[in-house]
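The values are calculated or read from the model by the stated rules, or taken from the named source; none is laboratory data. Here the structure is a predicted model, which is why all the values come from computation and not from measurement. Don't worry about glycine lacking a Cβ; one is built from the backbone with ideal geometry, like all the others, and counts go over all protein chains shown. For the accessible areas, the whole protein counts, side chains as well, though only heavy atoms, and no ligand, DNA or RNA atoms are used. Shrake-Rupley method; radii C 1.70, N 1.55, O 1.52, S 1.80 Å.
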Amino acid sequence: MEVITKTYPAPEINVREALRYAGCSTDSRDMLTLLGNCIDEAQELFTYKVCYCILDTKIQNSICDFGYFSVQSEKLAKNLSGCGRVLLFFATVGMAIDRLIAKYTRLSPSRAVMLQALGTERVESLCDMFCRDFEAGNSTSLKPRFSPGYGDLPLDVQKDIFSVLNCRKNIGAYLNDSLLMSPSKSVTAFAGISEV
């Protein structure tokens, strides 16, 4: 099994999604101005990195066996139905946004909330870009990505993901005892691979 690390250029910012993550209306001039100011301050701080591997997959009832570890999840098993392989990945936009959010948590809570939303939009856009890139480069189609903590997939599968991908070495990411990721604007996910 090979773990590959890639760096991507910045995806286009989806203003509507960033505002949605912030719980704001898209027609609020004040919120659009605040988001614009946050983008101006933060956009050069983001880094767009992904590490990933491909694992053989065997599904039996609700047990998903990936060779290196297995997990019980009816919803993941259903999501991966018909797939003999899975794309396992970790994506992050880096630590700098965490530091900026921490700064504004003290100075301007509304700005901190908008930066949180922008960071979430950035990492989700990175995941979308990575999945499209993988599909195009490998003549495959991916099923919707599925992350730990979603549905009945236990959050503690993060430990297995971090171990298999060696996230600390390959991308400088950490998982604490409470299963929180650092950088915080990161995503781990499974995506079933269907041959085209």
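Within the range 160-176, residues that are surrounded by 15 or more Cβ atoms within 10 Å (Cβ to Cβ) have Cβ atoms under 6 Å from residues that are part of a helix (DSSP H, G or I) in these pairs: 173/167; 175/158; 175/162, counting only partners at least 6 apart in sequence or on another chain. The C-beta contact set for the range 30-51 (first residue closer than 30 Å to residue 191 by Cα, second residue open to solvent by less than 30 Å² (accessible area, probe 1.4 Å) and at pLDDT below 95, distance under 7 angstrom, 6+ apart or interchain) comprises 49/171; 51/171.
Those strands (runs of 3 or more DSSP E) of the range 1-114 in which 2 or more residues are among the hydrophobic types (A, V, I, L, M, F, W, C) occupy 49-56, 63-65, 85-92. Within the range 58-98, restricting attention to residues that are over 30 Å from residue 8 (Cβ atoms) and among the hydroxyl-bearing types (Ser, Thr, Tyr), the residue that is nearest to the chain's Cα centre (by Cα) is 70. Among the residues of the range 140-172, those identified as among the hydrophobic types (A, V, I, L, M, F, W, C), within 23 Å of residue 48 (Cβ to Cβ) and touching a strand residue (DSSP E or B) at 6+ places or on another chain (Cβ under 6 Å) are 142, 146, 161, 162, 165, 167, 171.
For the range 79-97, a residue qualifies if it is in contact with a Pro (Cβ under 7 Å, 6 or more places away or on another chain) and surrounded by fewer than 19 Cβ atoms within 10 Å (Cβ to Cβ), and exactly one does: 95. Taken over the range 24-56, the criterion of being open to solvent by 50 Å² or more (accessible area, probe 1.4 Å) and in contact with a helix residue (DSSP H, G or I) (Cβ under 8 Å, 6 or more places away or on another chain) is satisfied by 25, 26, 31, 32, 37, 41, 45, 47, 49. Sub-6 Å Cβ pairs linking a first residue in the range 118-147 that is surrounded by fewer than 17 Cβ atoms within 10 Å (Cβ to Cβ) to a second residue that is in a loop (DSSP other than H, G, I, E, B), at least 6 apart or interchain, are 139/196; 141/196, ordered by first then second residue.
Do the conditions hold for residue 17, that is, is it of a type in the set (D, E, K, R) and open to solvent by 70 Å² or more (accessible area, probe 1.4 Å)? Here the answer is no, as residue 17 does not meet what is asked.
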